[in-house]
Structure formats: structure tokens, C-alpha cells
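Q: Shown below is the structure under consideration.
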Amino acid sequence: MNTKLLAPGGNLKMAEGVLEHGADAVYVGAKGWSRRTANFEMDIDEIGTLALYGKTHNKEIRVAFNTIPSSSEIPLMLRTIKKLSDYGINGLIMTDPGAMNAVREKFPDIAIHASAGCNIINEQDIKFYKLAGATCIVAPCNIGIEEVEKIQNDLKLKLEIFLHSNNCFTYLGKCAMSSYIKQDWYIEDEKNRFYGSPNRGGHCNRVCQAAWDNGKTASKLENNAFLMLNTIPTAIKVGVSYLKIQGREYSNQLIFDMVSLYREIIDKCKNGETNLSGYIFKMAKLSKRRDAERDGRTAGLLKIAKSYDRILEITI
């Protein structure tokens, strides 16, 4: 039962804090290269500091490069990854198969997690990303346990599933709604930030959460967040490699509390506990706090989408 708890690091304090609160591994976003806005990414020197912390405390450090680079950006991406590799990071989270292949050729020993943004939904997808260089698959949120066993036993790949994330009505990684409404190009450190495009630059305006007129009433498109509980014992039993908490954009304290609770639950499950009903109330309280923060950020992002100002000039 070597299932590990993987938690987010939206800043250096959060990244170190989740490890202190019980996470076995942390993932962070390299500035300019991950599916989050710049204020939830880390620069190279910060990641270097975190990598040293990870080595000292026997923890894993994953770095997200899960936006889609252009051909002209691949050399810069490889130079950036070289610096991080020299710092001693344990692996990458990536979306683009071409970029994965370039990294695999240059860094044959580095672990590559195929991001949820790859939208891997069937066995052929998995084989494709394995050929591209992936060593671990980040599963879609609605994957069944029987599929988990097949991936790990038949396809010989590690698997990462979400404890906390959201079920988007679109295919994650393939949605263009945000950039269709509003997008700004901005070059920073040789990298186009593509503000407004989650797939190219990491900034999503969440326009799916606006009030859409269906002719009778205004309604939001489905994009519900969840906290997993009852599936955890089975996930551990079948040998899922990583249980992942999503949320670089949330407050440090909320994420610390999630990590502490999930650490407790995972340890109990590893010791044979299967009845987790005693945690339902605690999960409900966490959900309310999460929803309040998420709703506030969504309102800010929709404000950006409706504004005539450039995206980079607005803060939320």
C-alpha cells in the first residue's frame, strides 16, 4: 500500500506547508507554463528552494508544465526544465504529447505525469501518452475502479486520481470558451502568457459559470467541485499511486486543513479502516469553505471577462 498523498503548492509557503501537514508530494506550477494565473505559480529559484526542502525531508516535488507550448517555445521550455532538473525535482506534469516527447528525449529518467488536461478517457489514449513518454496517468474525475485496476495491471502505468477537483461539463484541456470571450497576448521572459486561454497560458475566465440565458431562465453550466471520501479505501486497496488534492488557487489554510484531514483518512484506510462515515460532517464543513472561496474567485474572473481592460492589468 504505497499510495501517496499529492497536494498543491500555489506559493512557496503553501508548498512547504502541505508537506509539513502530511503530504508525501507537492506539485507546483512553473511560472508561465502551468494551468493557473501567475500569482499561483512559482519562479525557478523558488522551486529550487522547494526542491532542497523536499530532499531534506524525503518528499517528492512535481512541477506543472501543462499548458501547450508553440514550436518556438520548446527550446525555452527545455532550458527551464534543465534548470529544474539540476535542482533535483522529481518529475513533471504535462499535457502536450509533442512536448512530452521532447522532454523524454532530453531527460530520459525524469517522471512525467500526463495531466488531467490530456483528457484521457480510454485505453488507446493511455497507450498513446505512454508512447509519448508518460510514466503516470492523471485520471479523469469520473474514472471507475475497474478501469483503475486495468491501467495499473495491464498497461503497467502509475495512476493518479483526484480527491478534490471539479467535474467540468466540457472535456478538460479542450475547452475554448474562455479565450473566445476574452484573450490578451503578453510576452514575459520570452514566453507568451496567453491571458484568457487556460490551454495556452493558464488563465481561465470561467465564463461557463456566468448566467446563461436558455430562453426561459438564466442558468450556469455544470462545473461542480467535489471531495472524495467513500472511494478512498478501494483506491488504496487496488494500489493507486497518487491521491491528488487540486487547488493551488485556494487559501493556504484551507489547503492545509484538507491535507491534514486526508492524511488522517488515508492512514486509517491503510490500517484496514473502511467505514468513513465519521468524516462526512468534516467534509461538509470543508466543502462550504471551499465553495465560498471558489465562488469569490469565479466572480472576480467573470469581472475580468466582462471588462474592457487588459487582463494583466486586473487583479482579483
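Quick note: the coordinates plus some simple rules give every number you see, no bench work behind them. Bear in mind that the values here come from a model prediction, so they are computed numbers and not experimental data. Note that each Cβ is placed from the backbone with ideal geometry, even for glycine, and that neighbours are counted across all protein chains shown.
Q: Which percent, to the nearest 5, of DSSP beta bridges fully inside the chain are antiparallel?
A: That works out to approximately 25 percent antiparallel.
Q: Take each of the peptides 207-214, 237-244, average the number of other beta-carbon atoms within 10 Å over its residues, and list them starting from the highest.
A: In decreasing order of mean packing, 207-214, 237-244 become 237-244, 207-214.
Q: In whole Hz, with x marking every Gly and Pro, tabulate ³J(HN,Hα) for the stretch 86-98 from phi via Karplus 6.51 cos²θ - 1.76 cosθ + 1.60, θ = phi - 60°.
A: Per-residue couplings from phi come out as 5, 6, x, 5, 8, x, 10, 10, 9, 10, 7, x, x Hz.
Q: Can you put Cys175, Cys118 in order of Cβ neighbours within 10 angstrom, beginning with the fewest?
A: Listed from fewest to most nearby Cβ atoms, that is Cys175, Cys118.
Q: Sort Leu163, Leu92 so the one with the fewest other Cβ atoms within 10 Å of its own Cβ comes first.
A: The order, fewest Cβ neighbours first, is Leu163, Leu92.
Q: Let a ≥ b ≥ c be the square roots of the eigenvalues of the Cα gyration tensor of the chain; is it rounded (a/c under 1.5), or, if not, prolate (a/b larger than b/c) or oblate?
A: Judged from the Cα gyration tensor, the chain comes out rounded (a/c under 1.5).
Q: Further question on the same structure: Classify the stretch 1-117 from the C-alpha gyration tensor, please: rounded if a/c falls under 1.5, else prolate or oblate depending on whether a/b exceeds b/c.
A: Numbers: a/c = 1.65, a/b = 1.49, b/c = 1.11.
It comes out prolate by the Cα gyration axes.
Q: So, R0 is 22 Å and r is the distance between the beta-carbons of Asp295 and Tyr180; what FRET efficiency does that work out to, to 0.05?
A: 0.45
Q: Another one. Please give the length that would be gained between Ser260 and Ser307 if that part of the chain were fully extended, namely 0.36 nm times their separation in residues minus their C-alpha to C-alpha distance (nm, one decimal).
A: Residue separation times 0.36 nm, minus the Cα-Cα distance, leaves 13.0 nm.
Q: Something else about it: Could you let me know the centre-to-centre spacing of the stretch 28-106 and the stretch 1-18, using Cα atoms, in angstrom?
A: Result: 15 Å between the Cα centres.
Q: If you don't mind, there's one more thing I want to ask. Need one number: nm distance between label points at Thr49 and Val238, each 7 Å from Cα along Cα→Cβ, rounded to one decimal.
A: For the pair Thr49/Val238, the computed spacing is 4.1 nm.
Q: Give the long-range amide H neighbours of Tyr27: residues separated by 5 or more places, or on another chain, with amide H under 5 Å away, using H modelled in the peptide plane at 1.01 Å from N.
A: Here the answer is Ala7, Gly9, Arg62, since their amide H atoms fall under 5 Å of that of Tyr27.
Q: Ranked by Cβ crowding within 10 angstrom, fewest neighbours first, how are Lys182, Lys285 ordered? Don't jump to the answer; show the numbers that get you there.
A: Details: Lys182 19, Lys285 11.
By the 10 Å Cβ count, ascending: Lys285, Lys182.
Q: Give a residue-ordered list of calculated ³J(HN,Hα) values for the stretch 2-19 (Karplus: 6.51 cos²θ - 1.76 cosθ + 1.60, θ = phi - 60°; whole Hz; x for Gly, Pro).
A: Once rounded to whole Hz, the list reads 9, 5, 10, 8, 10, 10, x, x, x, 7, 4, 5, 5, 4, 5, x, 5, 5.
Q: Further question on the same structure: Using modelled backbone amide H atoms (1.01 Å from N, in-plane), which distant-in-sequence or interchain residues come within less than 5 Å of Lys4's amide H?
A: Excluding prolines and chain starts, which carry no amide H, the hits are Tyr242, Leu243.
Q: Distance cut-off 31 Å, Cα to Cα: go down the list Lys55/Lys130; Lys82/Lys244; Lys237/Lys282; Lys127/Lys306 and report the pairs above it.
A: Distance filter (> 31 Å) returns Lys127/Lys306.
Q: Next up: Given 0.36 nm per residue, what is the gain on full extension from Lys127 to Ser219 after removing their alpha carbon distance, in nm? Please report the intermediate quantities before stating the final value.
A: Numbers: separation 92, 0.36 × 92 = 33.12 nm, distance 3.84 nm.
Taking Lys127 through Ser219 to full extension adds about 29.3 nm, to one decimal.
Q: Here's another thing I want to ask about it. Using amide H atoms built in the peptide plane, which far-off residues or other-chain residues are under 5 Å from Gly91 H to H?
A: Ile61, Val63
Q: Suppose the chain between Ser287 and Leu155 were pulled fully straight at 0.36 nm per residue; how much longer would it get relative to their current alpha carbon spacing?
A: 44.1 nm
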